[in-house]
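Below you'll find the structure, written out as structure tokens, and then a few comments.
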Amino acid sequence: MAMDLIVPILSIFLPLTLATKAFVMLSIALIVLGTLMLSKQIHGRIGVLPFASLLFVYNMALYEGHINYLFASGLMLVSFAVWLKLTDYSNRVQTASLSVLLIALFISHLFAMGLLCLCIFCYELAKAFTLRKFSIQPFLNLTIALVPLALLWLLKPAGPPSGGWDYGYDITTHIVALLSGAFFFDESDILTMICLCALFIVFAIVAFHKNTREGDKPFFLLVFALIIISPFVPETMMGGSRFVIRIPILIPFLILAIPPPAMISHRMSQYFLGTILILITCRTMNIANDWLSKNQDFSEFIAASQVISAGSRVIQARQESTGKVIFDMPYRHLTELLIPDKYIFVPHMAKIPDQQPIAPSKETASIDGGTASPITLKQLQDGSDPVISKTLLNTKMDGWQKPYWAFWPQNFDYLVFLHMREPQENPSPDHLKLIKAGSFFDIYQIQGRRLAFDYSTPNKQ
């Protein structure tokens, strides 16, 4: 993963927190750069509309923390632009250069590598359809370029079984996921809807504009192909999740790279640029205000967490609810905020053996959750029952998920319970003692377990 390679290097010169923020900024800059490069390669110069890509860097990938994929998405756009440039060179140069680009994406993020192959494949098919001239050579170049990737895959250390594919929800949910490239916080945000409507209006106008060249049409067909393919992508596969939002994240950037600069006059360009700057400013302020409210929650929790002993084992649970919930992605990882300072063990923090450098220690490997989520009240109750817990330990779960909540009273030191900002009763009075109550959380000490921690290995979970 790109983050695992770049952040440690940056942390040599910067504090770890700043190094991580620098990587996020680099990821955002790279995806905008990729849009500009793609536009430059298609039209020979950069118009105004590609700069509107700054509106869509706030998307679900950034919100949910898929930073590795965000970085790889930018690298994919840059690679696609470079590959278009390489079509002017010999087949050997094309194949060798494409292989290098694919290896870089393979190291950064496997899905982004596959997406570049898909874009090249769809573009070549669309070009053959548009120009009524089919050539096998581009597909042959792509196939040969993939040979080193196949060798790298065979040399990759074998991890545990990753489980099958899960389509997730119904097709309607997947169609709604097509809007993931624009949504950040609130799906009902008016400004976001304005940006989305403007995006699709631009796409429709450009598709039928008189300045649209015949050579630009394959790019429109490429976007249409990605829109059609996206709803059929599984929710989870190969142990990973949220694949359904991966293609939609890139669609706005591809759309904004396509419009010919000539379709907007120099005078109109000034108005367009002013409008884009106003929208970017408003959207940034809107998102910043929303994030500040969440940051208040995080700050409250970090202050309250002083009651949690360093090196302890902390399990996180949540209240089931109907209607609007606060247990979205940032809150799901709430307890992980304590890891850098307190070296606590969090069982639901993703630790994928063949994909990530972090791993549980020998003492906690048996109660690690792999890629699981915070538990529900029902799971909390089940894990406190010895009979049900024994059954859980013999239950095979998909991918790297493990029933870590089995026998939780014997295995963990603290419980962080998230609720709907209303006072809650103790979910398990026989095992839990309330030691800190917050506006949206309660911190309980689990009775009967002796706190212990080996400070000689603080880098391991």
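The values are calculated or read from the model by the stated rules, or taken from the named source; none is laboratory data. Quick caveat: nothing in here was measured; it's all calculated off a predicted structure. Note: ideal-geometry Cβ built from the backbone for every residue, glycine included; neighbour counts use all protein chains shown. What goes into the accessible areas is simple: the full protein's heavy atoms, side chains included, and nothing from ligands, DNA or RNA. Shrake-Rupley method; radii C 1.70, N 1.55, O 1.52, S 1.80 Å.
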Please go through the range 295-310 and pick out each residue that is in a helix (DSSP H, G or I) and touching a residue at least 60 places away in the same chain (Cβ under 8 Å).
-> D297, E300, F301, A304, S305, V307
Test each condition in (1) aliphatic (A, V, I, L, M); (2) touching a Pro at 6+ places or on another chain (Cβ under 8 Å); (3) modelled with pLDDT of 90 or more for L118 and report the one that comes out false.
-> (2)
Residue selected from the range 417-441 under the condition in a loop (DSSP other than H, G, I, E, B) and among the hydrophobic types (A, V, I, L, M, F, W, C), by the criterion surrounded by the most Cβ atoms within 10 Å (Cβ to Cβ) = F440
Could you count how many residues in the range 311-322 are without any contact (Cβ under 8 Å) to a residue 40 or more places away in the chain and open to solvent by less than 50 Å² (accessible area, probe 1.4 Å)?
-> 0
Quick one: which helices (runs of 4 or more DSSP H) lie wholly within the range 1-95 and hold at least 2 residues that are open to solvent by less than 60 Å² (accessible area, probe 1.4 Å), out of contact with any Lys or Arg (no Cβ under 7 Å at 6 or more places or on another chain) and among the aromatic types (F, W, Y)?
-> 67-86
If Q410 passes every condition in (1) more than 22 Å from S241 (Cβ to Cβ); (2) assigned to a loop (DSSP other than H, G, I, E, B); (3) not small (G, A, S) but one, which one does it miss?
-> (2)
How many residues are in contact (Cβ under 8 Å) with a residue 60 or more places away in the chain and not aromatic (F, W, Y) when one looks only at the range 129-148?
-> 2
Complete set of residues in the range 263-308 that are surrounded by 13 or more Cβ atoms within 10 Å (Cβ to Cβ) and small (G, A, S) | S269, A304, S305
If you take just the helices (runs of 4 or more DSSP H) that sit entirely in the range 187-294, which of them hold at least 2 residues that are of a type in the set (G, A, S) and modelled with pLDDT of 80 or more?
-> 190-207
